[in-house]
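*Asks:* Sharing a structure with you now.
The values are calculated or read from the model by the stated rules, or taken from the named source; none is laboratory data. Since the model is a prediction, treat every value here as computed from it, not as a measurement. Methodologically, a virtual Cβ is constructed for each residue, glycine included, from the backbone with ideal geometry; neighbour enumeration extends over all protein chains shown. For accessibility, only protein heavy atoms count, side chains too; no ligands or nucleic acids. Shrake-Rupley method; radii C 1.70, N 1.55, O 1.52, S 1.80 Å.
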Amino acid sequence: MAENGTVVTEFVLVGFQLQAELQMGLFFVFLILYLLTLVGNLGMILLIQSDPHLQTPMYFFLSHLSFLDICYSSVIIPQLLETLRTDKTVITYKCCATQFFFFTLYASTECFLLAVMAYDRCVAVCNPLLYATAMTPQTCLGLVVGAYAGAMVNSIVRTGCTFSLSFCKSNNVDFFFCDLPPLLKLACGETKPWELVIYLLAFSVITTSISAILISYLFIIRAILRIRTAGGKVKTFSTCASHMTAVALFFGTLIFMYLKGNMGKSLWKDRIVSVFYTVVIPMLNPMVYGLRNKEVKKALKKALNTMKVSQVE
């Protein structure tokens, strides 16, 4: 609701209003990063599905992580590319709410999924003999469904609270997509109760996921310390290195964005961090898991060799 009583039916995204040359330069940069994200994550999914040696719980979860990264970036980047290419910055109220909902859904699911992957590594390291029994296909599917279900509840409540606010200060969103900090800057009236619920939801999702990850890694570290040989310790720890890297990248940026005390006060810094976790991290995850994982590299070489043989024939 605007100050003159009219209902807000659209927002104007003003996050990247630059000179035409700079905008086109950014367009090509983001386009290349998005294509790399699609190719990398789709390639990871297809590789996992096609190689029998990768039909394990860890790679089952990794395929879902790749799927989330595709969805996660696809909610933001195509609209951003359209804005940079055509200078069309208007987004309808319903489209803004939809983008916010799916962005929250995929981000929350990724939080929970990274926690599930930490639990998987904990079981594999601490109880290797019981791993196959503990992490059955039914259990893995249940954990993934639980991650999506928890994220769905969070997304519905968070979106409902955010778009129950009255937007009367302006309809100019000083950002490149419909995210929480710039939307809150447009809200007026009594916003504290809604903001409290929104912050508590963000806090609960992030802290619950991080707590599960930290507890899992405490058990993993304890199990590693019990290994007598240095080589055995390094080998066991290396199985968790890729996951730890993904966790550090993803949660580091989310904590900066949503749990910092001055959220929304430095939107240029927020833009840079948001570009990192909406554009860069989804592109990096396949590289992190691919370059640091011997089984993935072996499966990739096998697939490439098969393609070469088929082309020769």
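*Asks:* Suppose we flag trypsin sites (Lys or Arg not before Pro) only when DSSP calls them loop and at most 13 other Cβ atoms lie within 10 Å. Which is the longest uninterrupted stretch of the chain?
*Replies:* The answer is 1-87.
*Asks:* Rounded to the nearest 10 degrees, what's the angle between the helix 230-258 long axis and the longest principal axis of the chain, both from Cα atoms, 0 to 90?
*Replies:* Value to nearest ten degrees: 10.
*Asks:* Next up: With a 4.7 Å Cβ cut-off, tell me which Cys residues in the chain come up empty for a partner.
*Replies:* So far as the 4.7 Å Cβ criterion goes, C71, C95, C111, C122, C126, C140, C161, C240 stand without a partner in the chain.
*Asks:* Quick one: what are the phi-derived ³J(HN,Hα) couplings along segment 79-86, Karplus 6.51/-1.76/1.60 with θ = phi - 60°, whole Hz, x for glycine and proline?
*Replies:* After applying 6.51 cos²θ - 1.76 cosθ + 1.60, I find 5, 5, 5, 5, 5, 5, 7, 10 Hz.
*Asks:* Related question: Can you pick out the pairs among K235/K294; K233/K302; K192/K269; K88/K192 whose Cα atoms lie more than 21 Å from each other? Working shown, then result.
*Replies:* Numbers: K235/K294 11 Å; K233/K302 29 Å; K192/K269 24 Å; K88/K192 33 Å.
Long pairs (Cα-Cα over 21 Å): K233/K302; K192/K269; K88/K192.
*Asks:* Out of residues 5 or more away from V173 or on other chains, whose amide H comes under 5 Å of its own, with H placed 1.01 Å from N in the peptide plane?
*Replies:* Excluding prolines and chain starts, which carry no amide H, the hits are V12, L13, V14.
*Asks:* Oh, and also: Taking 10 °C and 1.306 mPa s as the conditions, I'd like the Stokes-Einstein D for the chain in µm²/s, using the Kirkwood hydrodynamic radius from alpha carbon pairs.
*Replies:* Value of D from the Cα-based Kirkwood radius: 75 µm²/s.
*Asks:* OK, next. Could you estimate the translational diffusion coefficient of segment 197-257 from the Stokes-Einstein equation, with Rh from the Kirkwood formula over C-alpha pairs, at 4 °C and 1.567 mPa s, in whole µm²/s?
*Replies:* 98
*Asks:* How large is log10 I(q)/I(0) at q = 0.10, 0.16 Å⁻¹ when the Debye formula is applied to the Cα atoms of segment 177-287, each weighted equally and without solvent?
*Replies:* Ignoring solvent entirely, the Cα scatterers give -0.43, -0.86.
*Asks:* On average, how much accessible surface per residue is there in segment 193-236, in Å², for a 1.4 Å probe, leaving out ligands, DNA and RNA?
*Replies:* On the way: 2880 Å² over 44 residues.
Counting only protein heavy atoms, the per-residue value for segment 193-236 is 65 Å².
*Asks:* Let me ask you something else. So what does log10 I(q)/I(0) come out to for segment 162-219 at q = 0.23, 0.29 Å⁻¹, using the Debye formula with one equal point on every Cα and no solvent?
*Replies:* For segment 162-219, the Cα-only Debye profile gives -0.89, -1.14.
*Asks:* Also: Quick one: check the C-alpha center-to-center distance for segment 88-102 versus segment 20-72, whole angstrom.
*Replies:* Rounded to whole Å, the Cα centres lie 24 Å apart.
*Asks:* May I pose another question? Go ahead and estimate [θ] at 222 nm for the chain from helices alone: -39,500 (n - 2.57) per DSSP H run with n ≥ 4, summed, over the residue count, rounded to 500.
*Replies:* Helices in the chain give a 222 nm mean residue ellipticity of -26000 deg cm²/dmol.
*Asks:* I'd like the orientation of helix 192-225 relative to the chain: the angle between its Cα long axis and the longest Cα principal axis, in ° from 0 to 90, rounded to 10.
*Replies:* The answer is roughly 10 degrees.
*Asks:* Treating the beta-carbon of each Lys and Arg as +1 and of each Asp and Glu as -1, no other charges, what is the dipole magnitude of the chain about its Cα centre, to the nearest 20 debye?
*Replies:* Around 1280 debye, computed over the chain.
*Asks:* Which value in Å does the Kirkwood hydrodynamic radius of segment 1-158 take, with 1/r averaged over all unlike C-alpha pairs and then inverted?
*Replies:* For segment 1-158, the Kirkwood estimate is 18.3 Å.
*Asks:* When the scattering of segment 109-196 is computed by the Debye formula from its Cα atoms alone, each counted once and equally, what is log10 I(q)/I(0) at q = 0.14, 0.22 Å⁻¹?
*Replies:* -0.65, -1.02
*Asks:* On the protein heavy atoms, probe 1.4 angstrom, tell me the percent of accessible surface of segment 189-261 carried by carbon and sulfur.
*Replies:* Answer for segment 189-261 is 73 percent, counting heavy atoms of protein chains only.
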